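Structure record follows, encoded as structure tokens.
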Amino acid sequence: MDNRKKCTKAVNTSFIFNACLPLIFVTGAAAAQSDAPSEGGRVIGQIFDRIEPVIETGLHGFFQLLGNQPIAFILLVLTLGTLIGKLNVKGVSLGSTAGTLLFGVVFSMIAEAAYGITYSIPGILSSFMLLLFMYALGLKVGPQFFSGLRKGGLAFIGIGIIVWALNWIICYVGAAWVGLAPGYATGLISGSYTITAILGVGQGALTSGAYAPPPGMTIEEIGANMAAAYAISYVLSSIGIILLIRYLPRIFGRDASADAKLAEADYSGGATHPVPGAPGALTIGFSPYDLRAFIVTHDSLVGRNLSQLTSEFPQVPILRVVRDGAVLALSAETVLARGDIVTVRANVHDLILQEGELIGPESDSPLARSVPLEVADVHVGSHVVSGKTLKDLASHGTGGVEVQALFRAGNEIPLGPDSIVTFGDVLRLTGPDIALKAAAKQLGGHVILPTMKSEVLYLALAMLAGYLVGIVTVNISGIPFSLGTSAGCILAGVGVSYFRSRNPEFGGPVHEGARSFLQDFGLNAFVAVLSANVGPKVITALGGDTILWLALIGTMGALLPPLIAFWVGIKFFGLNSIIADGATTGGRNSTPGLNAIIEESGSSVAAVPYPVSYALTTVLALIGGYLSMILS
């Protein structure tokens, strides 16, 4: 077979990749086949004839390896997808999720079309990765979720209904208008909505007898139609919706990053500090308090113990004493000597203007000044201190501890010396470890510090609870209704973070780096597995004019409803563009789309409305899929 025929065969099988290498030598090959071929053309043709079998054998081995080693396939498409996702052309980029999906589908299609290798990776892996993503996302937005419901619950529901209704109309009416056979409409709805369960609902309508095939058609043929429409529309809509959701704010002239910051401030309830348990909560920020070291030279301090000095100078506690190059073990009876270096923590202004005169000259001793400061949340568990002010507790800027924030029922309240502390409140403190522990003991709680340890216990229990709730199914007239495992796990994460904001001892802190890794890796690994399994189905659906209608209707059904719903959200409901985008992607059931707007805006606030519209449209989409099959 000559090079031209090989190129023709490649195009006919939609396998463009196989045609690329011959095209590199197209000039020389064409010359070699002409009436007066050039010497250069003959040489190039001979070179090609020799290297083609080697390339072909190597490529076959490469794709066979990916088929035999699915882990290698996942890691390769993750690598390439992330790389291409970072490319930015005039402000537009695919993002890692769309890039991973694209490479995965292309590789699986090449393997199927060129070498007859069908990739199939167990779906349990992708399902688990998706659930990890949803749970990690729930941890991020938990406290904001309930605030979001109060602020825009009806708007979120309205956006979800708009997306679902328009998708059903476009797919069902479009399939009927162009004369597509029964089954195609249901497959289009399933693929354009990226809800595979709709195929199951449609198949259930066939097998139960709720829909009788027309004369000359079998149930198997209708099922094949559904699968073909699903495969084509699924791939196109999966990539298209990621790009659309990512750039919806920009399309309508909005700045995603700026709007995200406004939304975060709006949905935080006016708080200036992250709530307990939230990412970034235990991060030391700016403070007017600082550590300083002074050499004891004044007679008023020499010979006095720490108990006496603490009583006389409560605002400037001594946290460390260095004598003759060694750190002393402190107690209430430790007596200061001339020449000791003492470490204190107080307002910098006071230290600069007064403490040198009260204690002695300042020292730059690293040993004295290397007292690590930490930030901690402490839950008030003592009824003895309940009802007292911060001034009464002598903890506002005293004892080496500064109160940064005060939270009640997960909400930040105004802070000042006269702020009243009640049982169940959470105080955010900064200071040395010894001072933090003393304050926690006084408040009847435990010190919750930042940690690099993995929190697995609550993750496993919460995800298990969310998963079990999600699989509960109620059948009404043959239509299964369930929350879904994805929605169950994101709500589990929301629940854990919500209760942790009220008591940080519930599960302890989760390091933001670990949570962010679960979110990013979980989704992209899910997409990598999904792409391997979907690619071969696309190959089987190719052929004839039908594919063009499936591509057109499926793409319109996937992208036009979110575009209109987003416009309604910002124009009629007056929503912030990022909140409207989150509600839209939830209404479209697109978890990768949600990740795209999170990447674009640099904020997770878009996830606040997502579960509301997601849960509603999951149910409506199943009902719509069932009706589309019955009405075919």
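The values are calculated or read from the model by the stated rules, or taken from the named source; none is laboratory data. A quick note: this is a predicted structure, and the numbers were derived from the prediction, not measured. All Cβ positions, even for glycine, are placed from backbone atoms using ideal geometry, and neighbour counts span all protein chains on display. The protein model used for the area step is the full one, side chains on, heavy atoms only, and it has no ligands, DNA or RNA in it. Shrake-Rupley method; radii C 1.70, N 1.55, O 1.52, S 1.80 Å.
Considering only residues that are open to solvent by 50 Å² or more (accessible area, probe 1.4 Å) and touching a residue at least 24 places away in the same chain (Cβ under 8 Å), look in the stretch 153-165 and name the one that is farthest from Leu622 (Cα to Cα).
Applying the filter and picking the extreme gives Ile157.
Exactly one of (1) within 22 Å of Val235 (Cα to Cα); (2) at pLDDT 65 or above; (3) surrounded by fewer than 17 Cβ atoms within 10 Å (Cβ to Cβ) is unmet by Val92. Its number?
(2)
From the list Phe128, Phe107, exactly one residue is under 30 Å from Leu461 (Cβ atoms), modelled with pLDDT of 80 or more and not in a loop (DSSP other than H, G, I, E, B). Which is it? Reasoning before the result, please.
Values: Phe107 fails: under 30 Å from Leu461 (Cβ atoms).
Only one candidate passes the filter, namely Phe128.
Which numbered condition trips up Ala596, out of (1) within 23 Å of Leu132 (Cα to Cα); (2) open to solvent by 10 Å² or more (accessible area, probe 1.4 Å)?
(2)
Any chance the stretch 338-360 includes a residue that's modelled with pLDDT under 80, open to solvent by 50 Å² or more (accessible area, probe 1.4 Å) and in a loop (DSSP other than H, G, I, E, B)?
No, the conditions are met nowhere in the stretch 338-360.
So which of Gly602, Gly582, Gly557 ends up being open to solvent by less than 50 Å² (accessible area, probe 1.4 Å), of a type outside the set (Lys, Arg) and within 22 Å of Gly138 (Cβ to Cβ)? Reasoning before the result, please.
Details: Gly602 fails: open to solvent by less than 50 Å² (accessible area, probe 1.4 Å); Gly557 fails: within 22 Å of Gly138 (Cβ to Cβ).
None of the other options fit; the residue is Gly582.
Kindly establish whether Ala565 is open to solvent by less than 10 Å² (accessible area, probe 1.4 Å) and of a type outside the set (Lys, Arg). Full working, then the answer.
On the way: open to solvent by less than 10 Å² (accessible area, probe 1.4 Å): yes; of a type outside the set (Lys, Arg): yes.
Answer is yes for this residue.
Are there any pairs with C-beta distances below 6 angstrom linking a residue in the stretch 413-440 that is at positive phi and surrounded by 14 or more Cβ atoms within 10 Å (Cβ to Cβ) to a residue that is in a loop (DSSP other than H, G, I, E, B) and not aromatic (Phe, Trp, Tyr), with the two at least 6 apart or on different chains, and if so which?
Gly431/Gly400
Would you be able to tell me the number of residues in the stretch 441-466 that are part of a loop (DSSP other than H, G, I, E, B), surrounded by fewer than 21 Cβ atoms within 10 Å (Cβ to Cβ) and of a type outside the set (Val, Ile, Thr)?
Qualifying residue count, the stretch 441-466: 8.
The conditions are (1) at pLDDT below 80; (2) surrounded by fewer than 17 Cβ atoms within 10 Å (Cβ to Cβ); (3) closer than 24 Å to Pro609 by Cα; (4) not basic (Lys, Arg), and Glu512 fails exactly one of them. Which is it?
Here Glu512 clears every test but (2).
List the pairs whose first member sits in the stretch 60-79 and is over 16 Å from Ala114 (Cβ atoms), whose second member is open to solvent by less than 70 Å² (accessible area, probe 1.4 Å) and of a type in the set (Val, Ile, Thr), and whose Cβ atoms are under 6 Å apart, counting only residues at least 6 apart or on separate chains?
Cβ pairs passing all conditions: Pro70/Ile121; Val77/Thr100; Leu78/Thr100.
I'd like the full set of residues that are out of contact with any helix residue (DSSP H, G or I) (no Cβ under 7 Å at 6 or more places or on another chain) and either open to solvent by 60 Å² or more (accessible area, probe 1.4 Å) or modelled with pLDDT under 75 (or both), limited to the stretch 310-324.
Result: Thr310, Ser311, Glu312, Phe313, Pro314, Gln315, Arg323, Asp324.
Looking at the structure I just gave you, is Gly569 under 25 Å from Ala525 (Cα atoms) and assigned to a helix (DSSP H, G or I)?
The answer is no for Gly569.
List the helices (runs of 4 or more DSSP H) that sit entirely inside the stretch 175-257 and contain at least 3 residues that are open to solvent by 10 Å² or more (accessible area, probe 1.4 Å).
The qualifying helices (runs of 4 or more DSSP H) are 197-207, 219-251.
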